[in-house]
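Chemist: Here it is, the structure in full.
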Amino acid sequence: MIDQEQRIIELTSLGISVNEAKTYLTLLVKNSMTVNEIAQISGVPRAKLYGVITKLITKGFCIEKVGDIKKYRAVDPNVVVEKLNEIYQQQIEQRKKIAKNFSNSIISFYKKNMSKTDPLEYIEVLKDKKQIGERWLELQKNAKNEILVFNKAPYAIPFTENLNEEIYVLKKKIKYKGIYEYRDIKTESEREKSITIISSFVYAGEEARIVKELPIKLAIFDDKITILALNDPISLKPSITTMIINHPSFAKAQKNVFESIWEKAMSFEEFKNKGV
């Protein structure tokens, strides 16, 4: 047998309040009841009961009987269930309509905002040396076709660490061209050390050329992403502040600079035979 609490739960799940459910179930006890009788049996406070009864009458769940003393009678439960189902279906349709309108509105809003391009969203600025090194290795690893590099101090990662990554890249048949500057080489031992380092990269498959001085630190990945770092123009101290620009047009312009210097640079063989 279903108890009263279960009936209240079932009715409230169909969209009416707890007090409305209690009042309607109380009205099913006898043919008609006064407010006092309903209050005593239902447990709904008398102060709230008049408002509850008015709502039940409006919804068609309760009828007021005319007489010297106002009494109320419950509408047949079969009719009430039909009305509740009708209300429930109306709520579903209303929610579907609201959801559809919201969907259309939010999709339009999303597309409109996604079409807006932040003028700086393709520029990434890094200052932490470790972060720069990690980003450099990541871009090398993800390259698909070509990497062009101006090798100029200061370096974010040791040559030995970069060599391991470059060997991995070259094994993927990616074209790798590097231009090295020798401006800071002052002694024969420094030149020999430089030759040893560059030889390791050349042996791995890199194309290398040498110039006395490079204008900037630069790397171009797949004609799309450019890394560059400029020296502080005031202190002239080496700077590791680095910009990563994901913009094909900018990369194309920098590639023209690279190729211009590449054409004028000496081969690695010439450099090996050149004295300090």
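Chemist: Go through the range 52-109 residue by residue and tally those that are assigned to a helix (DSSP H, G or I) and more than 21 Å from LEU28 (Cβ to Cβ).
Modeler: 21
Chemist: If a residue must be surrounded by 12 or more Cβ atoms within 10 Å (Cβ to Cβ) and more than 17 Å from LEU49 (Cβ to Cβ), how many such residues does the range 12-25 contain?
Modeler: 3
Chemist: Shifting gears a bit: When you scan the range 140-159, do you find a residue that is assigned to a helix (DSSP H, G or I) and at pLDDT below 75, even just one?
Modeler: Looking through the range 140-159, at least one residue is assigned to a helix (DSSP H, G or I) and at pLDDT below 75.
Chemist: Okay, next question. State whether the residues of the range 6-18 include one that is over 46 Å from the mean Cα position of the chain (by Cα), acidic (Asp, Glu) and assigned to a helix (DSSP H, G or I).
Modeler: no
Chemist: Would you confirm, using the coordinates I've provided, whether VAL44 is assigned to a loop (DSSP other than H, G, I, E, B) and surrounded by 15 or more Cβ atoms within 10 Å (Cβ to Cβ)? Break it down stepwise before answering.
Modeler: Numbers: assigned to a loop (DSSP other than H, G, I, E, B): yes; surrounded by 15 or more Cβ atoms within 10 Å (Cβ to Cβ): yes.
It is true that VAL44 is assigned to a loop (DSSP other than H, G, I, E, B) and surrounded by 15 or more Cβ atoms within 10 Å (Cβ to Cβ).
Chemist: Can you pull out every residue in the range 118-152 that is of a type in the set (Lys, Arg) and within 24 Å of the chain's Cα centre (by Cα)? Before you say what the answer is, go through the steps one by one.
Modeler: Of the range 118-152, the ones of a type in the set (Lys, Arg) are 127, 129-130, 135, 141, 144, 152.
Scanning the range 118-152 gives LYS127, ARG135, LYS141.
Chemist: Please indicate, with yes or no, whether at least one residue in the range 228-241 is surrounded by fewer than 16 Cβ atoms within 10 Å (Cβ to Cβ), more than 19 Å from ALA143 (Cα to Cα), at pLDDT 90 or above and among the acidic types (Asp, Glu).
Modeler: Taking every residue of the range 228-241 in turn, none turns out to be surrounded by fewer than 16 Cβ atoms within 10 Å (Cβ to Cβ), more than 19 Å from ALA143 (Cα to Cα), at pLDDT 90 or above and among the acidic types (Asp, Glu).
Chemist: Look at SER103 and say whether it is of a type in the set (Ser, Thr, Tyr) and surrounded by 11 or more Cβ atoms within 10 Å (Cβ to Cβ).
Modeler: no
Chemist: Conditions: (1) over 15 Å from GLN4 (Cβ atoms); (2) without any contact (Cβ under 8 Å) to a residue 24 or more places away in the chain; (3) surrounded by fewer than 17 Cβ atoms within 10 Å (Cβ to Cβ). THR34 meets all but one. Number of the miss?
Modeler: Result: THR34 passes all but (2).
Chemist: So, in the range 49-70, exactly how many residues are modelled with pLDDT of 90 or more and among the charged types (D, E, K, R)?
Modeler: 1
Chemist: Being part of a loop (DSSP other than H, G, I, E, B) and out of contact with any Asp or Glu (no Cβ under 8 Å at 6 or more places or on another chain) is the filter here; which residues of the range 186-226 pass it? Give the derivation first.
Modeler: Here is the first cut: in the range 186-226, the residues part of a loop (DSSP other than H, G, I, E, B) are 186-187, 205-206, 212-216, 222-224.
Listed by number, the residues that qualify are LYS186, THR187, GLY205, PRO215, ILE216, LYS224.
Chemist: Spot the failing condition for VAL29; the list is (1) over 49 Å from the mean Cα position of the chain (by Cα); (2) outside any loop (DSSP other than H, G, I, E, B), and only one is missed.
Modeler: Answer for VAL29: the failing condition is (2).
The values are calculated or read from the model by the stated rules, or taken from the named source; none is laboratory data. All values derive from a computational prediction rather than experimental measurement. Because the Cβ atoms are built from the backbone with ideal geometry, glycine has one as well, and the counts that use them run over all protein chains shown.
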